[in-house]
1. Whose amide H sits under 5 Å from the amide H of B:Val525, counting only residues 5 or more places off or on another chain, with H placed in the peptide plane?
2. Provide a whole-number value for the mean count of partner chain Cβ atoms within 10 Å of the Cβ atoms in peptide B:62-74.
3. May I ask you to order A:150-159, B:357-366, B:54-63 by the average number of other C-beta atoms within 10 Å around their residues, highest value first?
4. How large are Rg and Dmax for the protein assembly as shown when calculated on the C-alpha trace, in angstrom?
5. Just counting partner chain Cβ atoms within 10 Å, what average do the residues of peptide B:282-290 show around their Cβ?
6. Within straight cross-link reach of A:Lys348, meaning Cα distance under 13 Å, which aspartates and glutamates are found once same-chain residues fewer than 8 apart are removed?
7. Based on the Cα gyration tensor of segment B:231-290, what are the three equivalent ellipsoid semi-axes, each the root of five times an eigenvalue, rounded to whole Å and given largest first?
8. Apply the Kirkwood formula to segment A:206-303: the hydrodynamic radius equals the inverse of the mean of 1/r over all pairs of different alpha-carbon atoms; give it in Å with one decimal.
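All of the numbers you see were taken from the coordinates with simple rules; none came from a lab. Just so you know, these numbers come straight off a predicted model, no measurement behind them. With ideal geometry, Cβ positions are generated from the backbone for all residues, glycine too; neighbour counts draw on all protein chains shown.
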Amino acid sequence: MDATHLITTTEAIDPVFMFIFGASLVLLLGIAATMVVFVIRYRRSRSPEPTSQVSGNLWLEVVWIVLPTLLVLAMFFYGWSGYLALRNVPKGAMEVTVTARMWSWSFTYPNGKTSNKLYVAVNKPVKVELVSRDVIHGFYLPAFRVKRDVVPGMKNHAWFVATKPGSYDLFCSQYCGTGHSAMITTVEALPEAEFAAWLAQKEGNPGRGLLEKHGCLGCHTLDGKPGVGPTFKGLWGRSETVVTNGRERHITVDEAYVRRSILEPNADVVKGFQPVMPSFIGVLKEEEIKAIIGYLRTGGAASAKRDGRKLAQEKGCLGCHSLDGSHGVGPTFKGLFGTTITVLRANKGVAVTADEGYLRECIRQPNTQLLEGFQPIMPTFTELSDDDVAALVEFIKEVK
Amino acid sequence: MATVQPTPTSFWNDTGKTGITSWIFSTDHKRIGLLYFYSTFGFFLVGVLLGLLLRIELMAPGRTIMGPATYNATFTVHGVVMIFLFIIPGMPGAFGNLVMPIQIGARDVAFPRLNLFSWWLYAIGAVIVLTSLFTGGGPPDTGWTFYVPFSARTGTNVSLAVLGVFVIGFSSILTGINFVTTIHRLRAEGMTWGRLPLFVWSIYATAWVQVLATPILGITLVLIMAERILGAGLFDPGRGGDPVMYQHLFWIYSHPAVYIMILPAMGVISDVIPVFARKPIFGYKMIAFSSLAIAAAGSLVWGHHMYTSGMSDTAILVFSFLTFVVAIPSAIKVFNWVSTLYKGSISLEAPMLFALSFILLFSIGGLTGLILGAAATDIHVHDTHFVVGHFHYVMFGGAGFAFFSAMHYWLPKFYGRKYAEKPAVIAWAFMFTGFNILYFSMMVLGLKGMPRRYYDYLPEFAPLNLVSTIGSWILAVGLIIMLVNLFRGLFWGEPVGSNPWGGATLEWSIPTPPPTENFDQEPVVTHGPYDFTKAGVP
């Protein structure tokens with residue numbers, strides 16, 4: 001995309017501001033000046049009796065119906081054309097999925113990489129697909145004059161382009177509860193090469209990212225819990241009884257079986273499960289299937305050590321719990337582990353030690369062990385596996 | 001006509017009874033009007049107090065005096081109290097009741113008992129809203145807009161607050177029906193539609209909006225309760241519902257409701273300016289017609305609250321267009337008010353000062369509304385402090401200052417005594433100055449990108465927030481001076497005659513304070529409301 005011919009959202013919107021503010025200022029000064037002049041000239045001490053009893057003038061009234069009408073119509077058309085610039089996404093824009101939840105943002109790039117700040121390349125238009133996990137949020141970039149609500153169940157989008165490297169504020173503009181004003185992050189605009197390097201930087205396991213992206217984990221758990229489909233925990237090499245064409249047979253889970261299960265999921269269905277999985281033919285590319293197989297083969301599901309810090313970012317924990325000792329909506333993680341704290345139980349303050357068990361319980365059943373002085377507003381994270389919780393606890397222990 | 005007769009028993013001591021029951025069970029429109037005045041103005045003061053607390057919290061970044069949950073509840077209650085308990089019922093309930101029947105030459109409204117019932121519904125609704133603050137999960141924290149799905153999820157006492165607002169809605173509908181009927185049926189002989197005071201025209205237009213739009217609020221609130229209590233899933237996308245549909249329903253009422261708030265205010269201004277300029281209003285017909293035009297077109301612009309919601313671009317095109325159409329009748333009014341001053345004999349007493357400042361503040365509110373009506377510019381400032389500033393310019397600088405104008409203009413008529421002029425002017429000067437510092441800063445903050453309903457903010461927004469908070473204190477000082485002055489004046493001030501300002505409308509032709517049935521005999525109207533020469537006013 002040639003950015004030199006691209007009209008940025010700011011360039012499209014600001015002239016409209018100038019036009020409306022300019023016209024308004026002229027009108028306002030006109031009204032105010034006329035009023036002041038009349039009040040001074042015709043004040044009672046100077047003009048004890050009214051010198052006219054005129055009660056109307058057809059031509060004057062026609063003039064001030066027609067002129068404002070023309071003026072506001074001009075504003076309307078100009079405003080509309082500026083708005084169209086916000087809606088027409090330039091071709092070749094990079095698509096980023098923005099996920100909003102109470103009270104944090106996460107950004108998913110075309111290659112599956114996720115982050116908590118929105119990294120973009122300078123002069124490269126970005127289209128954001130807005131997804132909400134809970135209530136309505138607002139995706140707002142003041143520097144780019146861009147705003148769009150993030151509505152659950154709705155596919156909203158917006159676009160912008162940064163023409164200079166730098167850091168730009170990203171706010172939640174739609175009120176969403178206690179942490180609304182803390183739901184802030186930034187757009188980090190990097191020179192193109194730097195951005196490409198950042199994007200290519202691998203982190204975590206791409207196979208796992210794919211499992212999340214395509215919703216596999218909605219049915220297949222990683223922690224051994226039963227789901228709609230069989231768990232991935234300990235999957236590789238496991239002996240399973242499958243039903244093929246109505247007949248039971250025994251197999252060992254290997255690459256061929258997993259591949260077939262992805263592409264023709266209902267050919268061999270593990271006994272006890274329903275044949276409900278959709279096929280991923282045409283959805284997953286060959287290298288993506290390989291990445292998933294690689295992840296499942298290494299037993300990543302069962303053994304890979306989860307990165308607690310990353311998880312805390314992804315799940316939005318850090319939206320409320322700071323790492324620097326400042327209390328946000330929730331207590332800070334800094335120095336929390338091992339201290340004696342006062343929690344409310346049945347409206348009575350009880351002193352407890354913030355040990356591993358306490359932290360685990362707080363994640364699993366928020367608000368039952370509420371720290372004194374905070375509101376019971378933490379959502380329940382049912383999607384966290386035992387490994388995830390353990391990783392989070394490890395991470396919190398390390399924040400000192 | 002304007003000779004002062006030996007005073008017939010005024011409505012204050014007609015029944016021979018005193019005490020609270022002679023008020024809360026009275027069907028006299030003047031007593032009911034004062035009941036509305038006391039209750040709505042009382043809530044106004046509560047709202048002011050909450051607003052001042054919000055400003056103190058925002059004085060500096062981070063926690064100042066309260067936590068985020070308290071802050072969210074405070075701005076929600078500030079909005080609910082100001083909108084549903086003060087400004088919607090205030091102007092029609094208080095001054096509509098006090099003045100409108102006398103201005104059309106009637107002894108009372110068409111349905112006096114229904115009128116009393118309306119006040120009771122209002123009082124019951126208000127008590128329910130107050131109860132919601134101290135029971136259950138605590139005061140609601142949804143904002144006065146109650147947007148789903150948040151309002152369906154929050155553990156605070158939303159259901160009870162919504163029930164209170166629902167009951168108050170019925171009060172509004174019944175008042176509307178009462179006033180429409182009164183204005184149609186009870187005009188005195190000679191009180192043609194062309195001789196109606198413009199305040200009556202504005203109350204008439206308002207009453208129609210109350211009757212037609214408020215039921216939609218009722219339905220919307222019932223749907224929220226269905227969502228919360230029954231889990232109906234109407235607005236929950238997980239169950240086939242649509243959160244944006246809620247916004248449509250809410251604004252179909254709540255945008256016209258803005259006109260319930262501002263139309264009577266425009267009526268006050270249209271009545272005050274001619275009297276203090278001793279000149280007929282300029283363009284009577286256009287002002288009367290523009291009230292109806294605003295009421296009609298204003299009912300079709302609700303979507304301009306939703307440009308960012310994800311509704312279709314076609315809808316935005318249509319709503320933006322209609323929004324600009326509504327701007328025209330408002331502009332006509334402003335031009336006509338200013339022209340009325342031409343070659344008049346202008347006296348800058350308190351009611352006039354408030355009226356003239358109304359024109360300025362309302363103009364700023366209206367002109368910044370153009371920024372919000374244009375699709376391109378709205379996107380940037382939507383849901384920011386720009387909207388907060390704009391809204392307060394229209395609602396406080398507009399409707400609020402008109403309410404103060406009406407208080408200084410009409411209350412002496414009903415109390416029989418007058419406040420002192422000098423403190424009134426000083427109070428006005430404080431309020432006008434403080435107001436602009438308070439809300440203009442907010443608009444600049446919004447342009448710089450500070451979202452609204454923000455408990456905390458980035459350091460770059462700190463200086464203007466401090467300025468804004470200082471403005472709120474200056475405004476508060478003016479408000480206190482005004483209150484003390486009015487309170488002292490109305491109860492112990494100088495007695496006033498029947499026509500202290502030289503008005504030509506009917507309320508100035510009867511004794512002060514008015515007798516129970518207003519008129520000894522039904523008046524015959526022979527001239528227009530602003531025809532000062534024919535009215536024999538000096």
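1. HN-HN under 5 Å from B:Val525: B:Glu189, B:Gly190, B:Met191.
2. Values: counts 1, 2, 0, 0, 0, 6, 11, 8, 2, 3, 6, 0, 0.
Whole-number average of other-chain Cβ neighbours for B:62-74 is 3.
3. B:357-366, A:150-159, B:54-63
4. For the protein assembly as shown, the Cα-based Rg and Dmax read 32.2, 111 Å.
5. Values: counts 6, 7, 2, 3, 5, 0, 0, 0, 1.
Average per residue, whole number: 3.
6. Answer for A:Lys348, where 13 Å is the Cα cut-off: A:Glu372, listed by chain and number.
7. 45, 10, 5
8. Kirkwood hydrodynamic radius for segment A:206-303: 13.5 Å.
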